[in-house]
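The values are calculated or read from the model by the stated rules, or taken from the named source; none is laboratory data. All of these numbers come straight from a predicted model, not from anything done at the bench. Here the Cβ positions follow ideal geometry from the backbone for every residue, glycine too, while neighbour counts run over all protein chains shown. Side chains included, ligands, DNA and RNA excluded: accessible areas come from the protein's heavy atoms. Shrake-Rupley method; radii C 1.70, N 1.55, O 1.52, S 1.80 Å.
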Amino acid sequence: MKKILGTVLWIAATIAVIGIYLFLTGFLLILGNIVLSIAGHSEIDLVTNSQPLNIIWWGGTLALIVASAVLYVRWSRKCPVCKHWNAVFLANTDCLKEDNISVLVKCEHRDAQGHPSGSHDQYVPGKRKTYRNTYECRFCGNTTTRIYTKDSATL
């Protein structure tokens, strides 16, 4: 739950930074247009050429999104002990156990032309595998483990 909240806050902060960027670039372009009009003793023309403005806005927005994605990946690999970003890496994966289970699968019905005409749910044989991932910090050597399960059909 804490990780989901952190992700949502990161996305909200990225949107806020993009909004501030768009506002400031628009404000600075209008201010520059006013200064050029005063310096040139001409009429104030607030209608600017939209192509350079669009390039600046979309290019900057794309750069901010890419930078935010890179920083988010580095932040998500932060060591809980020494707090270094991009420090934790996957050291080992172990399969702890494997169980036989029934997996619910949605089966589609198709007509003679191959178009879907309906569906039904059916339980089929499957496997539930329980894994343990071991993560290690590059700087302080702290190790953490996470256990997860994965269900798959064996058909």
| field | Residues of segment 8-29 satisfying the condition of being out of contact with any Ser or Thr (no Cβ under 8 Å at 6 or more places or on another chain), within 16 Å of ALA67 (Cα to Cα) and not aliphatic (A, V, I, L, M) | value | GLY19
| What residue, among those in segment 129-155 that are part of a strand (DSSP E or B) and hydrophobic (A, V, I, L, M, F, W, C), is surrounded by the fewest Cβ atoms within 10 Å (Cβ to Cβ)? | ILE147
| query | In segment 92-128, which residues are among the acidic types (Asp, Glu) and part of a strand (DSSP E or B)? | reply | ASP94, GLU98, ASP99, GLU108, ASP121
| message | Condition (residue is open to solvent by less than 90 Å² (accessible area, probe 1.4 Å), farther than 30 Å from THR143 by Cβ and not in a helix (DSSP H, G or I)) applied to segment 80-88: is it met by at least one residue? | response | no
| task | Would you confirm whether any residue within segment 105-128 is closer than 30 Å to ALA69 by Cα and either open to solvent by 90 Å² or more (accessible area, probe 1.4 Å) or of a type outside the set (Phe, Trp, Tyr) (or both)? | result | no
| query | Residue check: is THR25 at pLDDT below 90 and either in contact with a strand residue (DSSP E or B) (Cβ under 6 Å, 6 or more places away or on another chain) or in a helix (DSSP H, G or I) (or both)? | reply | yes
| message | Between SER102, SER68, SER117, which is among the polar types (S, T, N, Q) and modelled with pLDDT under 90? | response | SER117
| query | Is at least one residue of segment 72-79 in contact (Cβ under 8 Å) with a residue 12 or more places away in the chain, outside any helix (DSSP H, G or I) and under 19 Å from the mean Cα position of the chain (by Cα)? | reply | yes
| field | Out of ILE20, ILE56, sole residue that is surrounded by 12 or more Cβ atoms within 10 Å (Cβ to Cβ), modelled with pLDDT of 80 or more, out of contact with any His (no Cβ under 8 Å at 6 or more places or on another chain) and in a helix (DSSP H, G or I) | value | ILE56
